[in-house]
Number of protein chains: 2
Amino acid sequence: MPRTAPLVYTPGHHPKSEAWILPRGPALLRRGKLIVVEGIDGSGKSTQIKLLHKWLEAHGHQVVFTEWNSSDLVRQATKRGKKKNLLTPTTFSLLHATDFADRLTYRIIPYLKSGMTVLADRYIYTAFARDIARGVDPRWVRDLYGFAVQPDAIFYFRVPIDVAVGRIVGSRAKIKFYEAGMDLRLSPEPVESFRLFQGRVLDEYDRLAVEYGFQVIDGTKPIDTQQQQVRSKVSRLYSQQAAEA
Amino acid sequence: MPRTAPLVYTPGHHPKSEAWILPRGPALLRRGKLIVVEGIDGSGKSTQIKLLHKWLEAHGHQVVFTEWNSSDLVRQATKRGKKKNLLTPTTFSLLHATDFADRLTYRIIPYLKSGMTVLADRYIYTAFARDIARGVDPRWVRDLYGFAVQPDAIFYFRVPIDVAVGRIVGSRAKIKFYEAGMDLRLSPEPVESFRLFQGRVLDEYDRLAVEYGFQVIDGTKPIDTQQQQVRSKVSRLYSQQAAEA
């Protein structure tokens, strides 16, 4: 029987003892699956996770969806900071980590504990890729998210930078300031800044893919082809679980 | 001539190179002094820093004052989270770190660079002591604040827990939920919870005092006696600077 471990602290447990309660999540008792999609803007990952969501529900799974930067706790702060271009890379990073911690506590862990499937559009790897692309220390940001729960699958939708730029420029009226990394002053021109910044993010993702064992999906392939690959892998996740039960 | 180092990142510097930009502050070029007071609630540190503030101004120094948890960026979020008792130790810690990062960027570093004296009522050691008392991993929280600037002096006003409790209970209508560590459920009774939680914080401060070389001031001594000790040390800081110049 798996040992139930507290996520962050044990009330009444005095930290003076040797057994520090680590803000680390892997010992979390859980029965549900955590499935994550990652990729640069314009990679098509959101389309894929929506298709997966419908498919899982059609097969009788209880599924919840959660996306990056969506906790009520710091939404206003993030919005205000972004609007006024007040955020340094460190503040930017910390605001997102706070958002994530709140979301993990209320929107991810309870569902995993209750046996539901959690689909996350972006997870800690988004923070790693973007923050490192902003010049934040790679070790610092990894430590920062040390409290996160390990996903069961990480799908990385990989597209060349020109494909992503084409999709974003083609589909939207305006590229957002931070999305284009305009705070880094790589170029005064938004599309060029987007290309340069997202190019850095892409490089980071490629490194993270190796380090964390991402399932790499070719995001230039037809939507259906990609979705078949995703479903095939997800099916194996559930059949493994059934075999173990 | 001291080397000017960027605090967080160099625009245009690609993180692929070996020279990672660390989110660490010690290389900051600065001419002003950063003077910090620390201690548990009811230790008398705020009274002491106010007296120091007046004295420094009377002696012709340009002084700015900054206090814990006061950045506009996340004030609303912190207030809301606290009001609804929604904060876990990790979220609590991250919100305060975000607040601190914002304050460091806009309310501390520019003044230090311009040669002014910054007086801080609470600094990163408050986060260390409180977060560790809440069960957060001591190494994690130290890494979290790795971007902070080293103070020139840290005054620690030390009072036994009973003195602090007496002062707080005597002076205020109500002890606040998080101040009393009620989130840890050490006791359902606010005053008793305050005593237990602040007792832990006190233990942490005593450890930090050794680790970081705090100037320990006996907070049970008369106000004037304490202030004389503070002024004497601060005077030496300025005369050292004058001698080096």
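Worth pointing out:
- Any chance A:SER193 is over 28 Å from A:VAL141 (Cα atoms) and among the small types (Gly, Ala, Ser): no
- Criterion (of a type in the set (Gly, Ala, Ser) and open to solvent by 10 Å² or more (accessible area, probe 1.4 Å)) met by exactly one of B:GLY60, B:GLY39: B:GLY60
- Residues in region B:106-146 that are within 7 Å of another protein chain (Cβ to nearest Cβ), touching a residue at least 40 places away in the same chain (Cβ under 8 Å) and not aliphatic (A, V, I, L, M): B:ARG134, B:GLY135, B:GLY146.
- Residue check, A:ILE168 among the β-branched types (Val, Ile, Thr), touching a strand residue (DSSP E or B) at 6+ places or on another chain (Cβ under 9 Å), in contact (Cβ under 8 Å) with a residue 12 or more places away in the chain and surrounded by 13 or more Cβ atoms within 10 Å (Cβ to Cβ): no
- Among residues of region B:204-235, those that are touching a residue at least 40 places away in the same chain (Cβ under 8 Å) and assigned to a helix (DSSP H, G or I), counted: 13
- Matching residues, region B:141-171, being under 14 Å from the mean Cα position of the chain (by Cα) and within 19 Å of B:GLN48 (Cβ to Cβ): B:PRO151, B:ASP152, B:ALA153, B:ILE154, B:PHE155, B:TYR156, B:PHE157
- Some residue of region B:13-30 being in contact with a Lys or Arg (Cβ under 7 Å, 6 or more places away or on another chain), more than 9 Å from chain A (Cβ to nearest Cβ) and at pLDDT 85 or above: no
- Test: residue in region A:137-156 that is of a type in the set (Phe, Trp, Tyr), open to solvent by 20 Å² or more (accessible area, probe 1.4 Å) and touching a Lys or Arg at 6+ places or on another chain (Cβ under 9 Å): no
- Residue ID - surrounded by the most Cβ atoms within 10 Å (Cβ to Cβ), chosen from residues in region B:101-125 that are modelled with pLDDT of 95 or more and under 13 Å from the mean Cα position of the chain (by Cα): B:ILE124
- Qualifying residues in region B:202-221 (those that are away from every other protein chain (no Cβ under 14 Å) and among the hydroxyl-bearing types (Ser, Thr, Tyr)) - the one surrounded by the most Cβ atoms within 10 Å (Cβ to Cβ): B:TYR212
- Of all residues in region A:160-185, those being touching a Pro at 6+ places or on another chain (Cβ under 7 Å) and in a loop (DSSP other than H, G, I, E, B) number 3.
- Some residue of region A:179-201 being farther than 19 Å from B:THR91 by Cα, surrounded by 22 or more Cβ atoms within 10 Å (Cβ to Cβ) and under 15 Å from the mean Cα position of the chain (by Cα): yes
- Of everything in region B:73-86 that is touching a residue at least 12 places away in the same chain (Cβ under 8 Å) and more than 8 Å from chain A (Cβ to nearest Cβ), the residue that is nearest to A:LEU86 (Cα to Cα) is B:ARG75.
- A:ALA77 modelled with pLDDT under 90 and touching a Leu at 6+ places or on another chain (Cβ under 6 Å): yes
The values are calculated or read from the model by the stated rules, or taken from the named source; none is laboratory data. Since we're looking at a predicted model, the values are computed, not measured. Ideal geometry is used to build each Cβ from the backbone, glycine not excepted, and the neighbour counts take in all protein chains shown. The area values use the complete protein model at the heavy-atom level, side chains included, leaving out ligands, DNA and RNA. Shrake-Rupley method; radii C 1.70, N 1.55, O 1.52, S 1.80 Å.
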